[in-house]
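Worksheet: one structure, shown below.
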Amino acid sequence: MLEVDQIETVYGKSQVLFGVSMTVREGEVVTLLGRNGMGKSTTVRSIMGLTPIRRGRIVFDGRAIDRLPAYAIARLGIGLVPEGRQIFPNLTVRENMVATAANRQNAKSPYTLDDVLSIFPRLADRLNHYGNQLSGGEQQMLAVVRALMTNPRLLILDEATEGLAPLVRKEIWQALAMLKANGHAILVIDKNLDALMKLAERHCIMENGRVVWRGNSVELAGDDALRARYLGV
Ligand SMILES: Nc1ncnc2c1ncn2[C@@H]1O[C@H](COP(=O)(O)OP(=O)(O)OP(=O)(O)O)[C@@H](O)[C@H]1O
């Protein structure tokens, strides 16, 4: 479904990605792991067309997307929950959701407001609250449901549980498990390894702009030295 092939990305004169390759297949959950500053967000920005790649190729559903503008990539069916949430503070919860709603893939039964609210019931009680009146956890849930309102086939989450209380985090993980069960493909960047090892099939570890390890949850769980070296856990 998504193939990232040998991409190189630069910010001005500083090269950040040095030939990153990874894939996400239909209905699969894949993680990008690594310490801070290793290039995970830049990989996501490159996929979404927010930062242009200098070399390499990115293919989604058989189509090269690496020269497309960000809006066109989103329209093809990739939904992003960006780092830092970025919800609209002066719109209500309902308005935030409607603002991004689109059935871009002409899904047979696109998500309705009620569908996505059933994933995070506490947002249903906050429909008329403004974005800036929500707790951090509620804002994060809103960022997820907002991405879902675009009916993406691939959902990308960049540090979606950062700074959240454990119970709220758990709700987000449960929601992702449900989305996976519904057939969504998900690419997730997060630091909660335990949750990720339960949710994801495959993991990619990045260091200094390269993917230095790929494997499944059993391999990752069984390799203490690997986790200590690249993830510091
Ligand atoms: N807009 C930018 N301009 C210049 N350098 C940047 C920019 N954004 C990120 N970088 C640099 O690129 C490198 C990779 O950053 P990136 O955000 O992709 O890493 P990351 O693995 O996602 O880490 P984090 O979890 O801290 O976001 C870092 O050295 C960072 O300082």
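The values are calculated or read from the model by the stated rules, or taken from the named source; none is laboratory data. Everything numeric in this text was worked out from a predicted model, so none of it was measured. Using ideal geometry, Cβ is built from the backbone for each residue, glycine included, and neighbour counts are taken over all protein chains shown. What goes into the accessible areas is simple: the full protein's heavy atoms, side chains included, and nothing from ligands, DNA or RNA. Shrake-Rupley method; radii C 1.70, N 1.55, O 1.52, S 1.80 Å.
For this structure, a couple of remarks:
- Per principal axis, descending, Cα span of the stretch 162-233 in whole Å: 31, 27, 24
- Fluctuation leader among Val188, Val59, Val145 - the chain, Gaussian network, Cα springs under 10 angstrom: Val59
- Whole-Hz ³J(HN,Hα) from phi, Karplus 6.51 cos²θ - 1.76 cosθ + 1.60, for the stretch 210-217, glycine and proline x: 9, 7, 9, 8, 9, x, 9, 5
- Cα Rg over Rh - the stretch 101-233, Kirkwood: 1.01
- Considering only Pro110, Pro52, Pro166, the Gaussian network model of the chain with Cα springs below 10 Å gives its largest mean-square fluctuation to Pro166.
- Local charge for Arg202 was computed over the other residues whose Cβ lies under 14 Å away, with Lys and Arg +1 and Asp and Glu -1, and equals -1.
- Amide H within-cut-off set for Val29, under 5 Å, with H built and near neighbours excluded: Ile186, Glu201, Arg202
- Accessible area per residue for the chain is 46 Å², calculated with a 1.4 Å probe on protein heavy atoms, without ligands, DNA or RNA.
- For the residues Asp223, Asp190, Asp158, a GNM of the chain with alpha-carbon springs under 10 Å puts the largest fluctuation on Asp223.
- Debye log10 I(q)/I(0) at q = 0.16 Å⁻¹ for the stretch 1-93, Cα point scatterers: -0.69
- For Val81, the residues whose modelled amide H falls within less than 5 Å of its own, excluding neighbours fewer than 5 places apart on the same chain, are Ile156, Leu157, Asp158.
- Separation in nanometres of the label points that stand 7 Å from Cα toward Cβ, at Asn132 and Arg210: 4.6 nm
- Shown for the chain: lysine pairs separated by 8 or more places, or found on different chains, whose C-alpha atoms are under 27 Å apart, numbering 11.
- Carbon + sulfur, % of accessible area of the chain - ligands and nucleic acids excluded, 1.4 Å: 49 percent
- In Hz, Karplus ³J(HN,Hα) per residue of the stretch 158-171 (6.51, -1.76, 1.60; θ = phi - 60°; x = Gly, Pro): 10, 6, 6, 10, 4, x, 9, 5, x, 5, 5, 4, 4, 4
- Estimated 222 nm signal from helices in the chain, with DSSP H stretches of n ≥ 4 weighted -39500 (n - 2.57), rounded to 500: -9500 deg cm²/dmol
- Vicinal HN-Hα couplings computed from phi for the stretch 129-143 (Karplus, 6.51 cos²θ - 1.76 cosθ + 1.60; Hz; Gly/Pro x): 7, 7, x, 7, 9, 8, 6, x, x, 5, 4, 5, 4, 4, 4
- Relative to one another, the C-alpha centroids of the stretch 205-232 and the stretch 1-43 are positioned 15 Å apart.
- Taking only the C-alpha atoms of the chain, Rg followed by Dmax gives 17.2, 49 Å.
- Computed from point charges on the beta carbon alone (+1 for Lys and Arg, -1 for Asp and Glu), the dipole magnitude for the chain about its Cα centre is near 480 Debye.
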